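S.K.: Got a structure for you, written out below as structure tokens; questions coming shortly.
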Amino acid sequence: MIKKVFEKPLNFLETILFLDFIKGMSITIRHAFTKTITTHYPYEKLTPPKRFRGFFGHKTVNGLEPQPVFDEWVDRMKIEPRPGKSRCVVCYLCKKACPVPDLFEIDGGKLENGKKVVSVFNMNLMLCTFCGLCVDACPVDCLFQSDIHETASFSRKDSILNLEKLEAIGKSWQDRREHEPDRIWIDDDARQALWRENKLNLKRVENA
Amino acid sequence: MAYIGLLSLLAVMLGLSVILISLNWLLGPKKKEPYKTYPYECGVPLYDDTAQTTFHQGYYILGLLLLLFDIEVAYLFPWAVVYNFLGVFGFIEVFLFLVILTLGLVYAWKKEALDWQFDLESL
Amino acid sequence: MQASEKTLNEIKLRIPYVEVKKDKLISIVYVQKELLINTLKTIKEDFGFKLFIDHSVIDTLEAQNRFEAFYILYNVDTKERIVVKTKTEHSLPSIERLWFAGKWAERETYDMFGIHYEGHEHLVRAFMWDTYSYFPLRKDFPLQGYENVELPSLNETVFGDNLTGTMNYRRTHTYVPTLKDLEYTEKNRIKKKAQVVLNWGPLHPGTHGTMWFLFDLEGERVVQTDVILGQLHRGVEKLAEHEPYQQFLVYTDRMDYISALCSNQAWTVAVERLLGIEDIVPLKAKYIRTMMSELQRINSHLLWLGTYALDLGALTIFLYAFKEREKIMDIIEGITGARLTISYTRIGGVRMDLPEGALEVIESFIKFFPKELKDWEKILSRNRIWLKRNKDVGVLTKEDIFFYGLTGAVARGSGVFYDIRKLEPYDAYGMVDFDVPLGENGDCYDRYLVRVEEMRQSVRIIEQCVQKLKTMSKNEPFMAESQDPKKLRLTLDGIGLKVPAGEVYSSGENPRGELGFYINSKGGLKPYRVKIRPGSFYNLCVYPHLMENRYVADAVTILASLDPVVGEIDR
Amino acid sequence: MSIVALGIIIAIKVVVILAIILGIGAYLTLVERKVAAHIQRRPGPMVVGWHGLLQPLADGIKLLTKEDILPSSANFLLYNLAIVMALVPASLVFAVVPFGPEIHVFGYDIKPILTDVNIGIIMAFAFGSLAVYGVALSGWASNSKYALIGALRKAGIIISYEVVITFAALGPIMLAKSLSTYDIVMAQIHQKVWYIFLQPISFVVFVFALLAETGRVPFDIQEAEAELVTGFTVEYGGMKFGLFPLVEWYVEVLSLSSILTVLYLGGWSPINIPFVGFVDPFFFLGPWSGFIWFIIKVTILFLLVLWLHWTLPRYRIDQITTIAWKVMLPLALFNILITAFIAPLLRG
Amino acid sequence: MLSQIAFYLFGSISIICGLGVVSASNPIYVVLWLLGALIAISGIFFSAGAELLGALQLMVYVVAIAVFYILIITAVPWRKLHKNEQHNRLIGVAVLPFVAILYVEAFIVALSGVSLSKNKIIETITKNYGNASTIGIKLFSTYFWAFELMSVLLLISMIGAILLGRKEEKTYD
């Protein structure tokens, strides 16, 4: 329950022979002759884990939507799902879930057949905290966070995601990462190289 | 004659340092901005307008002691060189010398002059 | 634990003019403003509620006695907590003689509500500069502030970005201090007694953030110290009043940004207690939360150890600590998706189940970590320089702990058994086995040893959590009972379920001391008032006392051993 | 020896010392960064050149092309004079360092020492302590509190360790019976013993004083980054900023390490078996092996300094002065007395 | 000849620096001028062949000035100093004629054939024994009483320094 902490004081021999220094120095020298454990950042990059909360994207309609939720929402909101385009059903739940006001700008356009499609979906990432509450809120698994983490830009305009950008990110995500298993990391070898002394002994998983 | 080398090195180093300092001035950009030359004090307004004020250091006595010990060393250098010529006599001589000065050191130690001097009541 | 019926009755018997109230969540003593000091004194001295936890006021907007003040006190021996409440129009008696920590709390309240404290020695604003004329936490102060300063954006002038609609960058802002304001504040804080007043901070590597210290120096010795806070003040408490409970979680990340998960957990537990759903949170979620927040504790202590060593000149330890910290960050990133501002917990559970491989990775980490810790201890713990720099520096007695309202490792370093995880177990802490390290002398060295030992104990806790989680199947729920997990999260976002009226004080043991949330709900989607009790803020309040007659070089030692984080101090 | 030959020899020596100060001094920054990096399990500079070999060049160019800023309310003359006063005396110490044995080239006997004088060792200490002015002046001239505190701390260190270093050096001088650096090495060769074996106490004291005078950990308080940002250099920029660490951390460490090598490690002599003789694996190089040994010894010392630097925490200023006066100085005095007993036993 | 040139060079430097000492208004400059003067004087010692004295002059006095320097920074009331900067710089100019006269005299002396290099005794001693040994043997045999007295003197001055430098002792006067 209670553990008193204390350390023995230095004894005479340790003081005159500088054993405390030597102990420390033996550790630093040992480290000096082991391999480095850094990633050479701009030249080498780690793959972010699948759950990484980076730039946002819109998944596109490709037949893998969560059913029956998607159809329910499509019916309820009178949406026209278009293959290859955003799954968004203009439910505004993401906007509601967002702790920041004015981050989302969402609007649905009316088609000639009376159905709706999403026409405006702007996200002002200058205000964004990347908390992921909007992603949780999305009922149709449309809005998601991708693995894009290099988000700096030279212009304010570039930090606003519009529908095209979101769809492009979504498509590229669906091509690259969507099929991956829900695993802590994907790049086991690179991580093992960084963890070096730790043996990770993860079960190998073949990418589907 | 032996010092010509020393003097020439001195001259070369003087020239070099002047060159290095002025090169910076020649090659660097010159852009004036309002707070660029503001003294660094963590980016906030200065409380005192200048840093060149009276500033109490705790080791002033140590400085004086150093001076005395330096003079002592000045005597010991010649002694160290001729120590073997002098034999026992020289040893006793310097032993006395050292003992008397060690007394001084012990006195300083006892008077806590070897610690930092701070006297807050005098504020 | 709230004060028992028995204690309340004894108080009622002893001090007949008070009113007592007790419900499941909180025990309150109501008292008249005029009799406040006597009551507090009796409660402190005769009933043993020695530890000062928090004080602030609630702006009730009523016509008479607009402000309701509350004082939260703790009795370490009987493990009871009590809240003393009083009503006032605009002024209160100062309690700085009873608890020094009250001085800082009063400064904060004066700053935010404009309450005047009679008998307060140095009533200056805590976060805002001294020439600021509004009181931001009053209910009639608008959330976005009064817009009266135009700041042209560099981006606009250089790149010509002209955005429209809600995307437009607002050029007008609330009042910002000018250099003149800052100079006035600076000179108002400290009356120069000695030779030189040194600005130590806000942009300084040794202050661990944007803290602004003023050292009045006689040579290298500090004669008096003052702290100017507020460089990172964002009005989190104000924001809390305007956010649904779930959405405020995001802001707790940004308070103590080094241990975001622990703050998340403390907030979640507080809201769960208010909602009364603490018991229906699934066991798996509890274990996951405990495990993750202990990982975060190690992470936070590693940052502390690294910067502490860095401040004392041992730069290599800094990078060794960061090497291990990086591994924890990798784990947390893999599980939650973020490295710093994590927002992983949800009211009623956690955001996601653990991914595949997470437990194996954590197991591998905790197997290796103690060895590494031992190595660092070999470099530091018995090094003569380390001993010289830390022993007998910044000594805090047990009485100091209570007087200054210190918690966390600082309190434990002085031998005060104060660990919320043991005293008032939340989540899975009651179900795991661990020791609380206690120091003896209360100097920087003891605090160092306590924190290092805490890392070992965290490893123990994580080990037990991993063992427990391994026995749980993948299909067990990680959110409180609900058909659709997403639905509960959404309902708590404020679309469906509403929070009942009531108040609660609930705290979590953060790496930097007790992080408490006093939530006052009048029902509905949003809290009426949230007072956050930041561990760092009260831990820092002892700093001027510790710095008396010490050298500038000790400033870093003492500050680093208190381990404050500005995000939490300023909120 | 003709005047022309003498002039050429002196010119060559001066150029060599200049090369040591600028070239090697600059490259030691790379060595330091690499050593620090590997101790901390990083690769260090890797981008400019192969394994960052051109990094010092890039650093130099960067420093030279920075803007030359004079802080307002700083004193222009003293501000710049400080750099000169830091660089010049520190480099003058090399004038009395014997880099190797006497060599015979083109019919001339050349001692690889710029000024071989009777009192070389005193001159080395005198020049070494002159370097304090650069630091102290820079602190006052730049009119910043951090700089002032840093400069005064440096002055405090010098005040404490100047006396310690001279007292420590008295031991070897007594054994060698000479103040000339060249003769001290020769004495060690004749007596067939490095003085480190006879003077272990004074060696330790000297190493501590070396660390203190050069501002290395655990005595780097004059720029203690955590408290004073960078201490006395806080108002300097560009090459001016670059020169201070160059002088303090590299030139001074090199020069004092050379002096230490001369005093305790037998200068250019090969590996020593006390009182028996010397073992020289580089015997095939003839007299040139001496230079190799000198370089090896100084390198090892420099690496030792780096190793300490990247392992230990730092002392506080009052602890530093107290240690100097209460531990180091009595030890050095004690050492002198012991040496007085053993010195007559040595034949030289 | 060379040593003669060196003597005049260092001599004039020391005179100039000495003038700087008395004419400078800022104490920091005073210290720097003094430093220059002392280095020049040690240069004179060197040029005269008294190497040990020169080196010790460098070591002891340089350190001494470091102490002065700290004294100035720590004890000079700079604020008052900045207020009355009306220091008379003309003193320096007024001294110049005297310097000129001095130089003329020095040249007359030099031309009349009295020069330092004539003093052969010093040179022979330094050549045969080295400066330090010569001084050492003299000091520890002929003048050993003076040497021992010196230690007592140093002890007294040490005690004096401690008594004067400590603020605590001042409280009862």
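The values are calculated or read from the model by the stated rules, or taken from the named source; none is laboratory data. Nothing here was measured: the structure is a model prediction, and the numbers come from that model. So basically every Cβ, Gly included, is an ideal-geometry build from the backbone, and we count neighbours across all protein chains shown. Remember, those area values only see protein heavy atoms, side chains included, never the ligands or the DNA or RNA. Shrake-Rupley method; radii C 1.70, N 1.55, O 1.52, S 1.80 Å.
S.K.: Determine which member of the set C:Arg346, C:Arg254, C:Arg273 is away from every other protein chain (no Cβ under 11 Å), farther than 30 Å from C:Lys378 by Cβ and either crowded, with 22+ Cβ neighbours inside 10 Å or not aliphatic (A, V, I, L, M) (or both).
M.R.: Answer to the selection: C:Arg273.
S.K.: Could you list, in sequence order, all residues of region C:350-368 that are over 16 Å from A:Gln192 (Cα atoms) and among the basic types (Lys, Arg)?
M.R.: Residue satisfying the conditions is C:Arg351 alone.
S.K.: What number of residues within region C:190-209 satisfy the criterion of being surrounded by 20 or more Cβ atoms within 10 Å (Cβ to Cβ) and within 25 Å of the chain's Cα centre (by Cα)?
M.R.: Summing the residues that are surrounded by 20 or more Cβ atoms within 10 Å (Cβ to Cβ) and within 25 Å of the chain's Cα centre (by Cα) in region C:190-209 gives 7.
S.K.: Scan region D:72-94 and report the pairs whose first residue is without any contact (Cβ under 8 Å) to a residue 40 or more places away in the chain and whose second residue is open to solvent by 10 Å² or more (accessible area, probe 1.4 Å) and of a type in the set (Phe, Trp, Tyr), with Cβ atoms within less than 8 Å and a gap of 6+ or a chain change.
M.R.: Cβ pairs passing all conditions: D:Ser72/B:Tyr38; D:Leu92/D:Phe127.
S.K.: Go through region D:241-259 and report how many residues are touching a residue at least 60 places away in the same chain (Cβ under 8 Å) and polar (S, T, N, Q).
M.R.: Matching residues across region D:241-259 total 2.
S.K.: Right, D:Ile24: assigned to a helix (DSSP H, G or I), open to solvent by 50 Å² or more (accessible area, probe 1.4 Å) and on the phi < 0 side of the Ramachandran plot or not?
M.R.: In short, yes.
S.K.: D:Pro98 is checked against (1) modelled with pLDDT under 80; (2) more than 9 Å from chain E (Cβ to nearest Cβ); (3) closer than 29 Å to B:Pro78 by Cβ and fails just one. What number does that condition carry?
M.R.: Evaluating D:Pro98 over (1) modelled with pLDDT under 80; (2) more than 9 Å from chain E (Cβ to nearest Cβ); (3) closer than 29 Å to B:Pro78 by Cβ leaves (1) as the failure.
S.K.: Do we have B:Ser22 as over 17 Å from D:Gly139 (Cα atoms), surrounded by fewer than 18 Cβ atoms within 10 Å (Cβ to Cβ) and at pLDDT 80 or above here?
M.R.: In short, yes.
S.K.: Here is a further query. I need the full set of residues from region D:260-277 which are within 12 Å of D:Tyr195 (Cβ to Cβ) and part of a loop (DSSP other than H, G, I, E, B), in order please.
M.R.: Passing the criteria: D:Leu265, D:Gly266, D:Gly267, D:Ser269, D:Pro274.
S.K.: Would you pick out the residues in region E:1-23 that are surrounded by fewer than 19 Cβ atoms within 10 Å (Cβ to Cβ), at pLDDT below 80 and more than 14 Å from chain B (Cβ to nearest Cβ)?
M.R.: E:Val21, E:Val22
S.K.: Need the failing condition index for D:Leu312 against (1) closer than 30 Å to D:Gly60 by Cβ; (2) assigned to a helix (DSSP H, G or I), just the number.
M.R.: (2)
S.K.: Please find, within region A:82-112, the residue that is surrounded by the fewest Cβ atoms within 10 Å (Cβ to Cβ) out of those that are away from chain C (no Cβ under 14 Å) and touching an Asp or Glu at 6+ places or on another chain (Cβ under 7 Å).
M.R.: Ranking the qualifying residues of region A:82-112, first place goes to A:Leu111.
S.K.: Let me ask something else. Checking the conditions here, which among D:Lys66, D:Lys13 is buried (at least 17 other Cβ atoms within 10 Å of the Cβ) and not in a loop (DSSP other than H, G, I, E, B)?
M.R.: Exactly one residue qualifies, and that residue is D:Lys13.
S.K.: Okay, moving on. Tell me, yes or no, whether region A:200-208 has at least one residue that is of a type outside the set (Lys, Arg) and more than 14 Å from every other protein chain (Cβ to nearest Cβ).
M.R.: Looking through region A:200-208, none of the residues is of a type outside the set (Lys, Arg) and more than 14 Å from every other protein chain (Cβ to nearest Cβ).
S.K.: Going residue by residue through region C:297-310, is there one that turns out to be open to solvent by 10 Å² or more (accessible area, probe 1.4 Å), without any contact (Cβ under 8 Å) to a residue 12 or more places away in the chain and not β-branched (Val, Ile, Thr)?
M.R.: Yes: one or more hits.
S.K.: Check B:Tyr83, B:Tyr47 and return the single one that is within 7 Å of another protein chain (Cβ to nearest Cβ), aromatic (Phe, Trp, Tyr), assigned to a loop (DSSP other than H, G, I, E, B) and over 24 Å from D:Ser160 (Cα atoms).
M.R.: Within the list B:Tyr83, B:Tyr47, the selection yields B:Tyr47.
S.K.: Also: For region C:424-447, which positions are more than 18 Å from C:Glu514 (Cα to Cα) and in a helix (DSSP H, G or I)?
M.R.: Across region C:424-447, the qualifying residues are C:Met431, C:Cys444, C:Tyr445, C:Asp446.
S.K.: Could you list all residues from region E:135-160 that are among the aliphatic types (A, V, I, L, M), open to solvent by less than 80 Å² (accessible area, probe 1.4 Å) and at pLDDT 75 or above?
M.R.: E:Ala146, E:Met150, E:Val152, E:Leu154, E:Leu155, E:Met158, E:Ile159 - these are the residues of region E:135-160 that are among the aliphatic types (A, V, I, L, M), open to solvent by less than 80 Å² (accessible area, probe 1.4 Å) and at pLDDT 75 or above.
S.K.: Within region D:294-326, can you find the residues that are under 21 Å from the mean Cα position of the chain (by Cα), away from chain C (no Cβ under 11 Å) and open to solvent by 30 Å² or more (accessible area, probe 1.4 Å)?
M.R.: If the condition is that a residue be under 21 Å from the mean Cα position of the chain (by Cα), away from chain C (no Cβ under 11 Å) and open to solvent by 30 Å² or more (accessible area, probe 1.4 Å), then D:Ile295, D:Ile296, D:Thr299, D:Ile300, D:Leu303, D:Leu304 are the ones that fit.
S.K.: With respect to C:Arg339, is the statement that it is within 14 Å of chain D (Cβ to nearest Cβ), of a type outside the set (Val, Ile, Thr) and in a loop (DSSP other than H, G, I, E, B) true?
M.R.: It is false that C:Arg339 is within 14 Å of chain D (Cβ to nearest Cβ), of a type outside the set (Val, Ile, Thr) and in a loop (DSSP other than H, G, I, E, B).
S.K.: While we're looking at this one, here's another question. Got at least one residue in region A:150-169 being open to solvent by 40 Å² or more (accessible area, probe 1.4 Å), within 11 Å of another protein chain (Cβ to nearest Cβ) and within 20 Å of C:Ala338 (Cβ to Cβ)?
M.R.: Within region A:150-169, none of the residues are open to solvent by 40 Å² or more (accessible area, probe 1.4 Å), within 11 Å of another protein chain (Cβ to nearest Cβ) and within 20 Å of C:Ala338 (Cβ to Cβ).
S.K.: Then there's this: Collect the residues in region C:99-126 that are over 14 Å from C:Phe70 (Cα atoms), hydrophobic (A, V, I, L, M, F, W, C) and part of a helix (DSSP H, G or I), keeping them in residue-number order.
M.R.: Hits for region C:99-126 are C:Phe100, C:Ala101, C:Trp104, C:Met112.
S.K.: Among the helices (runs of 4 or more DSSP H) lying completely within region C:497-571, list those that include at least 3 residues that are among the small types (Gly, Ala, Ser).
M.R.: Those helices (runs of 4 or more DSSP H) span C:552-562.
S.K.: Still on this structure, please answer the following. Where the second residue is acidic (Asp, Glu) and open to solvent by 30 Å² or more (accessible area, probe 1.4 Å) and the first is touching a residue at least 24 places away in the same chain (Cβ under 8 Å) and lies in region C:50-78, which pairs have Cβ atoms under 8 Å and are six or more apart or on separate chains?
M.R.: C:Leu61/C:Asp140; C:Gln64/C:Glu89; C:Asn65/C:Glu89; C:Arg66/C:Glu89; C:Phe67/C:Glu89
S.K.: Does C:Ser259 satisfy the condition of being within 14 Å of another protein chain (Cβ to nearest Cβ), buried (at least 21 other Cβ atoms within 10 Å of the Cβ) and at pLDDT 85 or above?
M.R.: no
S.K.: Let me ask something additional. Give me the pairs, please: first residue somewhere in region C:467-488 and aromatic (Phe, Trp, Tyr), second residue anywhere and modelled with pLDDT of 80 or more and crowded, with 16+ Cβ neighbours inside 10 Å, beta-carbon distance under 7 Å, and either six or more positions apart or on two chains.
M.R.: C:Phe478/C:Pro282; C:Phe478/C:Lys284; C:Phe478/C:Ala285; C:Phe478/C:Ile288; C:Phe478/C:Gly349; C:Phe478/C:Val350; C:Phe478/C:Asp353
S.K.: Hey, could you check region D:265-293 for residues that are open to solvent by 20 Å² or more (accessible area, probe 1.4 Å) and aromatic (Phe, Trp, Tyr) and say which is nearest to D:Ala212 (Cα to Cα)?
M.R.: Residue satisfying both the conditions and the ranking: D:Trp293.
S.K.: Quick one: how many residues across region A:12-31 are open to solvent by less than 70 Å² (accessible area, probe 1.4 Å) and within 10 Å of chain C (Cβ to nearest Cβ)?
M.R.: 12
S.K.: Might you check whether a residue that is open to solvent by less than 60 Å² (accessible area, probe 1.4 Å) and either charged (D, E, K, R) or part of a loop (DSSP other than H, G, I, E, B) (or both) occurs anywhere in region D:328-344?
M.R.: No.
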